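Trainee: Here you go, one structure.
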Amino acid sequence: MKALRFLPMFFIMSTIFFLSHTPGDNLPSLKMGMDKLAHATAYAVLAASILFALYPWAKEKSLLRIAAVVLFLSFLYGLTDEFHQSFIPNRSPDWRDIVADTCGAGMVVLFWAIWCCRMHSQKHTLTDRL
C-alpha cells in the first residue's frame with residue numbers, strides 16, 4: 001500500500017493550507033522572528049512527510065536527486081502558499097516566509113542525508129569486517 005505513505009504528506013499540506021487560509025485578524029500575534037520559526041518548523045515536518053512518502057521510489061535514487069525533489073516540492077508548496085495568502089483578508093505574501101519554509105525543509109533534508117551516509121558507511125564497515 002505505497003499510496004498510504006502519502007497520507008501524512010497530504011495531512012500536513014492540508015494543515016498548512018488551513019492555517020494559511022485563516023484571516024490575519026484571527027491569528028495570534030507572534031514576537032519578531034517567531035513566525036519564521038513557525039514556518040521553518042511546518043515545512044521541516046512537510047519535508048519529512050515527503051521523504052516518508054517517496055521512500056519506496058527513493059531507495060533506488062541518488063541522495064542528491066531525492067534531496068532536490070524534496071526541496072523543490074517544499075519550495076513550490078511554500079510559493080503557492082504565499083500566493084494563496086494574497087487573497088486572504090489581512091494577510092500578505094512575504095518572500096522571507098518562503099526562505100524560512102525552504103530552510104526548514106533543507107534542514108530536514110540535510111539531517112536525512114547525513115543519516116543515510118552514516119547508515120551506508122556502517123553497512124560497508126560491517127560488511128568489510130565479515
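Trainee: Can you name every residue in the range 4-50 that is among the aliphatic types (A, V, I, L, M), in contact with a helix residue (DSSP H, G or I) (Cβ under 9 Å, 6 or more places away or on another chain) and exposed (fewer than 15 other Cβ atoms within 10 Å of the Cβ)?
Mentor: L7, L19, L27, L30, L37
Trainee: Out of curiosity, is T102 within 18 Å of F18 (Cβ to Cβ) and part of a helix (DSSP H, G or I)?
Mentor: So T102 fails the test.
Trainee: Still on this structure, I have one more. Determine if the range 88-98 includes at least one residue that is out of contact with any helix residue (DSSP H, G or I) (no Cβ under 9 Å at 6 or more places or on another chain) and either at pLDDT 90 or above or in a helix (DSSP H, G or I) (or both).
Mentor: no
Trainee: So how many residues does the range 51-70 have that are surrounded by fewer than 18 Cβ atoms within 10 Å (Cβ to Cβ), part of a helix (DSSP H, G or I) and either touching a His at 6+ places or on another chain (Cβ under 8 Å) or not basic (K, R) (or both)?
Mentor: 8
Trainee: Can you run down the residue pairs with Cβ atoms below 6 Å, 6 or more apart or on separate chains, where the first is in the range 57-69 and β-branched (V, I, T) and the partner is not in a loop (DSSP other than H, G, I, E, B)?
Mentor: From the range 57-69, the pairs are I66/A58.
Trainee: Another question about this same structure. Can you tell me which condition T22 does not meet? The list is (1) under 29 Å from H120 (Cβ atoms); (2) assigned to a loop (DSSP other than H, G, I, E, B); (3) β-branched (V, I, T), and all the others hold.
Mentor: Failing condition for T22: (1).
Trainee: Let me ask something else. Hey, among the residues in the range 71-105 that are closer than 17 Å to T41 by Cβ and of a type in the set (F, W, Y), which one's surrounded by the most Cβ atoms within 10 Å (Cβ to Cβ)?
Mentor: Y77
Trainee: Can I ask one more? Let me confirm something: among A53, A47, which residue is over 17 Å from W95 (Cα atoms) and touching a Phe, Trp or Tyr at 6+ places or on another chain (Cβ under 6 Å)?
Mentor: So the residue among A53, A47 that is over 17 Å from W95 (Cα atoms) and touching a Phe, Trp or Tyr at 6+ places or on another chain (Cβ under 6 Å) is A53.
The values are calculated or read from the model by the stated rules, or taken from the named source; none is laboratory data. Here the structure is a predicted model, which means the values were calculated and not measured. Ideal geometry is used to build each Cβ from the backbone, glycine not excepted, and the neighbour counts take in all protein chains shown.
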